[in-house]
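Worksheet for the structure shown next.
The values are calculated or read from the model by the stated rules, or taken from the named source; none is laboratory data. Since this is a predicted model, take the numbers as computed values, not measurements. Neighbour counts run over all protein chains shown; Cβ positions are idealised from the backbone, glycine included.
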């Protein structure tokens, strides 16, 4: 059974609301984001925004999921190259995630503050975990891919990522190099297991 198709007017309203939220975030910052202000900016009734998103965390996660959909489109295009090894696909994915988190850092921090455990129940987190499990299992069939995926995803915890970028002054390239070290270690663990007597 297929999911019901969204009505055209509801889809237009959703886009207007998300665009209005992005505009307000860009001009007024994250601290003052409210559903009332978004409704006014979008030119829709506040009830429409509340029915659609329920609360501020719901709106924030909708923005994150919209940005996630764009990220997935880009990764799917890059992943179409069948010549890429599991190592290179995982590296491309993790580097793309670092850019995605950096580009959406304030939004992700707001989501984390609004619903601290919400990240682990969100569709993007579940999707990322599943994708990383698949790539890790291909790269190193002998390791616990689900656990390794959890560890890799910890690198994108908004508070930690922001701390590394602001307090430690690390650039995104340094974070990517650290991720490369982890990927190499995963592959090396598999090689060691294969060579063990």
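Here are the numbers for this structure:
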{"quantity": "Residue that is modelled with the lowest pLDDT, among those in segment 174-197 that are part of a helix (DSSP H, G or I) and over 27 Å from residue 130 (Cβ atoms)", "calculated": "195"}
{"quantity": "Of the criteria (1) within 15 Å of the chain's Cα centre (by Cα); (2) within 26 Å of residue 29 (Cα to Cα), which one residue 149 fails", "calculated": "(2)"}
{"quantity": "Every residue from segment 140-154 that is in a helix (DSSP H, G or I) and surrounded by 15 or more Cβ atoms within 10 Å (Cβ to Cβ)", "calculated": "145, 148, 149, 152, 153"}
